[in-house]
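What follows is a single structure, written as structure tokens, with notes after it.
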Amino acid sequence: MLLNPFCPLTTARVLALKATVMLLLTLLLKARIRIAAFSALGVLLLLLQTLVFLAVSGGLVLAAGGAALVALQQRRSQAA
């Protein structure tokens with residue numbers, strides 16, 4: 001770029017605009033990286049939440065099944 005020594009204000013404005021564009025591009029790239037990272041983190045947390053839900057529901061099924069067996073055994077022992 002040819003700098004005109006007779007227009008220092010124009011040169012300063014152009015340099016300020018270049019610096020602003022570089023800053024905005026840097027912030028845009030940073031935001032894209034952050035969005036990608038937190039999207040991956042969100043997927044991992046969703047997977048963890050799903051696994052915990054399945055484990056808890058499986059435990060409740062086992063507890064209900066055990067309670068049903070105990071109730072059945074108690075009825076059989078009272079009937080005999």
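The values are calculated or read from the model by the stated rules, or taken from the named source; none is laboratory data. Predicted model only: the values in this text are computed from it and were never measured. Note that each Cβ is placed from the backbone with ideal geometry, even for glycine, and that neighbours are counted across all protein chains shown. Please note that ligands, DNA and RNA were not included when accessible areas were found on the heavy atoms of the full protein model with its side chains. Shrake-Rupley method; radii C 1.70, N 1.55, O 1.52, S 1.80 Å.
3J(HN,Hα) couplings calculated from phi for the range 70-77 with the Karplus curve 6.51 cos²θ - 1.76 cosθ + 1.60 (θ = phi - 60°) are, in sequence order, 5, 4, 5, 5, 5, 5, 5, 5 Hz; Gly and Pro show x. Distance between the pseudo-spin-label points of CYS7 and GLN49 (7 Å out from Cα toward the beta carbon): 5.6 nm.
Projected onto planes of every orientation and averaged, the convex hull of the alpha-carbon atoms in the chain covers 7.0 nm².
Surface exposure of the chain, expressed per residue as accessible area with a 1.4 Å probe, stands at 92 Å².
Measuring nothing but protein heavy atoms, the accessible surface of the chain at 1.4 Å probe radius is 76 percent carbon and sulfur. Rounded to whole numbers, the Karplus 3J(HN,Hα) couplings from phi for the range 25-33 are 5, 4, 5, 5, 5, 4, 5, 5, 5 Hz, using 6.51 cos²θ - 1.76 cosθ + 1.60 with θ = phi - 60°, and x at Gly and Pro.
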